[in-house]
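Everything on this sheet refers to the single structure shown next.
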Amino acid sequence: MRAHQQGGCRRRRRCHPSRRGHRRVGRTARNPPPGAPLPRQRQVGHPRQTPPQYELLMAAVQRGEVDVIIVYMLGRLGRLWRNRRERAEGIEILRKHEVSVLCVKGPELDLTTAAGRLLAGLLGEVDTFEVEQMSEREQREMRQRVERGLPPTGPRCFGYTADGTELVEDEAAEVKDCFHALLAGATLSGMAADLNKRGILNRNGKPWSHNAIRGVLLNERYAGLRQYRGELHPGKWPVIVDEATWRAAKHLLEDESRATSPGPGRRWLLSGIARCGVCDDGTTVTSGSRGGPKGTRGLTAPLYRCRKTKHLARGTEPIDLTVEEYVIRRLSRPDAVDLLVDETAPRTEELRAKAVALRSRIKSLTDEFADDDDADAAEFKAATRRIKARLADVEAQMAHPQRTRILVDIVTAEDPTKAWKDLTLDRQRAVVTTLATVTLLPGRPGRATFDPRSVQIEPLQGMG
């Protein structure tokens with residue numbers, strides 16, 4: 001007789017096939033052996049998959065290699081068949097090939113007889129009932145947690161404590177910065193590189209990656225929401241960003257027209273942005289390098305090259321400086337705040353007039369306070385604060401959402417030059433693409449000095 005062991009029967013000497021005159025031809029483990037990693041927990045409602053070990057067992061039965069399958073006990077038949085369809089198909093296969101099921105703690109099930117198949121079916125239904133009842137309890141508990149606004153269970157979420165009810169302040173600040181950086185033009189790879197450079201690890205103590213940052217930004221939990229059966233429900237744990245910010249980030253990441261690359265971030269300001277002036281058809285430049293001056297072995301000089309051919313190769317440093325000077329000069333002008341205004345928004349002219357009037361009132365108050373030696377400083381500060389609050393509300397109504405996120409840190413800074421230098425490269429690139437189109441023309445031959453006119457900067461509509 002040829003026997004096939006199922007489950008943990010080898011732990012008991014009495015279940016050894018030789019004790020019953022059988023020869024073991026294989027062992028199939030529905031559950032992982034001791035010390036093996038546990039499988040990922042199945043989500044409620046997710047269909048089970050038939051393990052490959054069970055398929056191998058059934059294939060051996062159909063080849064005639066198995067006469068007896070040994071299981072631990074009758075109450076554990078669920079370890080052999082885990083759903084009704086699988087059980088019905090398995091019983092029919094075992095009946096057809098005259099294979100019995102031998103229980104270590106129980107009788108032998110002869111599936112060639114009607115009584116044996118009846119008992120196997122009844123015991124299997126009991127196991128199925130227990131599994132389904134447990135699943136219903138899990139679903140009911142999950143639904144109750146959703147209704148009570150409790151955070152999801154499972155691994156710790158970066159930015160929250162293990163139970164999900166309190167913030168880890170330093171991590172929460174990083175999450176908020178990532179949301180704002182994305183909406184201001186930063187890339188996922190750039191954000192991951194920045195976090196890794198500063199020694200900030202993810203919840204598992206490992207470096208960040210492109211996909212890990214994407215997972216954080218798509219997680220509705222940071223906006224105080226949780227998903228249950230395809231719908232979002234409000235939670236009662238502390239939020240890190242508001243729902244509008246999370247939805248804006250989600251919309252941006254799921255935009256199919258958005259160019260993405262999981263590789264390393266850009267290293268130069270204008271690679272993939274500036275256009276080749278020789279092609280003059282919208283072809284952008286890419287970054288490259290060439291050997292440095294004589295006597296400098298191993299050193300290279302970074303270049304902007306045409307993406308198509310070799311007819312354009314320019315050093316990056318003077319070009320970047322020219323573009324940076326343009327950006328800082330444009331965003332330092334008194335009318336730079338107008339770049340944040342959405343001209344297509346309703347009531348723009350009315351709101352603009354209100355903003356001008358409020359700024360005039362602030363200036364008048366300041367002049368009066370400066371000329372009046374008896375003026376009360378507290379009253380002046382309170383009045384100014386109220387007017388500035390009204391001005392901020394008016395400016396928010398006029399603001400263009402995307403341009404504001406990208407330009408506001410420089411436009412509103414006391415020192416635009418320092419604000420520009422403090423931006424990451426990703427955000428600097430976003431500022432350039434928001435303000436102007438840059439076209440590179442061939443430089444002068446030989447060692448002629450750099451000609452700024454070879455860098456054509458054309459402001460975009462409304463950005464001049």
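The values are calculated or read from the model by the stated rules, or taken from the named source; none is laboratory data. None of the values given here were measured: they were computed from a predicted structure. Methodologically, a virtual Cβ is constructed for each residue, glycine included, from the backbone with ideal geometry; neighbour enumeration extends over all protein chains shown. All accessible areas refer to the heavy atoms of the entire protein, side chains included, with ligands and DNA or RNA removed. Shrake-Rupley method; radii C 1.70, N 1.55, O 1.52, S 1.80 Å.
Here is a list: ALA244, ALA223, ALA181. Which entry is under 28 Å from ARG429 (Cβ atoms), among the small types (Gly, Ala, Ser), free of Cβ contacts under 8 Å to residues at least 40 places away in the same chain and touching a helix residue (DSSP H, G or I) at 6+ places or on another chain (Cβ under 7 Å)? Full working, then the answer.
On the way: ALA244 fails: touching a helix residue (DSSP H, G or I) at 6+ places or on another chain (Cβ under 7 Å); ALA181 fails: free of Cβ contacts under 8 Å to residues at least 40 places away in the same chain.
So the residue among ALA244, ALA223, ALA181 that is under 28 Å from ARG429 (Cβ atoms), among the small types (Gly, Ala, Ser), free of Cβ contacts under 8 Å to residues at least 40 places away in the same chain and touching a helix residue (DSSP H, G or I) at 6+ places or on another chain (Cβ under 7 Å) is ALA223.
May I ask you to verify whether THR165 is open to solvent by less than 70 Å² (accessible area, probe 1.4 Å), hydroxyl-bearing (Ser, Thr, Tyr) and either over 26 Å from ARG266 (Cβ atoms) or not in a loop (DSSP other than H, G, I, E, B) (or both)? Don't jump to the end; show me each part of the working.
On the way: open to solvent by less than 70 Å² (accessible area, probe 1.4 Å): yes; hydroxyl-bearing (Ser, Thr, Tyr): yes; either over 26 Å from ARG266 (Cβ atoms) or not in a loop (DSSP other than H, G, I, E, B) (or both): yes.
Yes.
Within region 445-453, is even one residue in a helix (DSSP H, G or I) and modelled with pLDDT of 80 or more? Steps first, answer last, please.
Looking only at region 445-453, we keep the residues that are in a helix (DSSP H, G or I), and these are 452-453.
Next, only the ones that are modelled with pLDDT of 80 or more stay: 452-453.
Scanning region 445-453 turns up at least one residue that is in a helix (DSSP H, G or I) and modelled with pLDDT of 80 or more.
Every residue in region 184-197 that is open to solvent by 30 Å² or more (accessible area, probe 1.4 Å) and touching a residue at least 12 places away in the same chain (Cβ under 8 Å), please. Step through it out loud before you land on a result.
Residues of region 184-197 open to solvent by 30 Å² or more (accessible area, probe 1.4 Å): 187, 193-194, 196-197.
Answer for region 184-197, where residues must be open to solvent by 30 Å² or more (accessible area, probe 1.4 Å) and touching a residue at least 12 places away in the same chain (Cβ under 8 Å): THR187, ALA193, ASP194, ASN196.
Suppose the filter is open to solvent by less than 20 Å² (accessible area, probe 1.4 Å) and either free of Cβ contacts under 8 Å to residues at least 24 places away in the same chain or touching a strand residue (DSSP E or B) at 6+ places or on another chain (Cβ under 8 Å) (or both); does PRO207 pass it?
Details: open to solvent by less than 20 Å² (accessible area, probe 1.4 Å): no; either free of Cβ contacts under 8 Å to residues at least 24 places away in the same chain or touching a strand residue (DSSP E or B) at 6+ places or on another chain (Cβ under 8 Å) (or both): yes.
No, not satisfied.
So which helices (runs of 4 or more DSSP H) are wholly in region 357-442 and hold at least 2 residues that are farther than 30 Å from CYS306 by Cβ?
Counting at least 2 such residues, we get 377-398, 401-411, 416-422.
Would region 44-63 turn up any residue that is at negative phi, at pLDDT below 75, open to solvent by 80 Å² or more (accessible area, probe 1.4 Å) and of a type in the set (S, T, N, Q)? Step through it out loud before you land on a result.
To start, the set of residues in region 44-63 that are at negative phi comprises 44, 46-63.
Then drop every residue that is not at pLDDT below 75, which leaves 44, 46-52.
Those left that are additionally open to solvent by 80 Å² or more (accessible area, probe 1.4 Å): 46-49, 52.
Of the ones still in play, those that are also of a type in the set (S, T, N, Q) are 49.
Yes, the conditions are met somewhere in region 44-63.
Residues to consider are THR433, THR412; find the one that is open to solvent by less than 70 Å² (accessible area, probe 1.4 Å) and of a type in the set (Ser, Thr, Tyr). Talk me through it step by step, then tell me what you get.
Numbers: THR412 fails: open to solvent by less than 70 Å² (accessible area, probe 1.4 Å).
None of the others qualify; the one that does is THR433.
Please tell me if GLY78 is modelled with pLDDT under 75 and assigned to a helix (DSSP H, G or I). Reasoning before the result, please.
Working: modelled with pLDDT under 75: yes; assigned to a helix (DSSP H, G or I): yes.
Yes, satisfied.
Being without any contact (Cβ under 8 Å) to a residue 24 or more places away in the chain, under 14 Å from ALA88 (Cα atoms), of a type outside the set (Val, Ile, Thr) and surrounded by 14 or more Cβ atoms within 10 Å (Cβ to Cβ): is that true of GLY124 here?
no
Across region 103-120, which residue is most open to solvent (accessible area, probe 1.4 Å) among those that are out of contact with any helix residue (DSSP H, G or I) (no Cβ under 7 Å at 6 or more places or on another chain) and within 13 Å of ILE69 (Cα to Cα)?
Filtering region 103-120 for residues out of contact with any helix residue (DSSP H, G or I) (no Cβ under 7 Å at 6 or more places or on another chain) gives 105, 107-108, 113-116, 118-119.
Remaining after also requiring within 13 Å of ILE69 (Cα to Cα): 107-108.
Working: PRO107: 68, GLU108: 102 Å².
Among residues in region 103-120 that are out of contact with any helix residue (DSSP H, G or I) (no Cβ under 7 Å at 6 or more places or on another chain) and within 13 Å of ILE69 (Cα to Cα), the one most open to solvent (accessible area, probe 1.4 Å) is GLU108.
Conditions: (1) in contact with a strand residue (DSSP E or B) (Cβ under 8 Å, 6 or more places away or on another chain); (2) assigned to a loop (DSSP other than H, G, I, E, B); (3) not hydrophobic (A, V, I, L, M, F, W, C). GLN456 meets all but one. Number of the miss?
Just one mismatch for GLN456, condition (2).
Is it the case, given these coordinates, that VAL99 is touching a Lys or Arg at 6+ places or on another chain (Cβ under 9 Å) and hydrophobic (A, V, I, L, M, F, W, C)? First the steps, then the outcome.
Working: touching a Lys or Arg at 6+ places or on another chain (Cβ under 9 Å): no; hydrophobic (A, V, I, L, M, F, W, C): yes.
No; evaluated as a whole, the condition is false for this residue.
In region 158-178, what count of residues is obtained for those that are within 22 Å of LEU253 (Cα to Cα), without any contact (Cβ under 8 Å) to a residue 12 or more places away in the chain and acidic (Asp, Glu)?
Of the residues in region 158-178, the ones within 22 Å of LEU253 (Cα to Cα) are 158-159, 171-178.
If we keep only those that are without any contact (Cβ under 8 Å) to a residue 12 or more places away in the chain as well, we get 173, 177.
Applying the additional criterion that residues be acidic (Asp, Glu) yields 177.
Selection size over region 158-178: 1.
Considering only residues that are open to solvent by 10 Å² or more (accessible area, probe 1.4 Å), at pLDDT 85 or above and in a loop (DSSP other than H, G, I, E, B), which ones fall in region 81-102?
Across region 81-102, the qualifying residues are HIS97, GLU98.
Can you tell me which residue in region 256-308 is modelled with the highest pLDDT, limited to those that are within 31 Å of the chain's Cα centre (by Cα) and exposed (fewer than 10 other Cβ atoms within 10 Å of the Cβ)?
Filtering region 256-308 for residues that are within 31 Å of the chain's Cα centre (by Cα) and exposed (fewer than 10 other Cβ atoms within 10 Å of the Cβ), the one modelled with the highest pLDDT comes out as GLU256.
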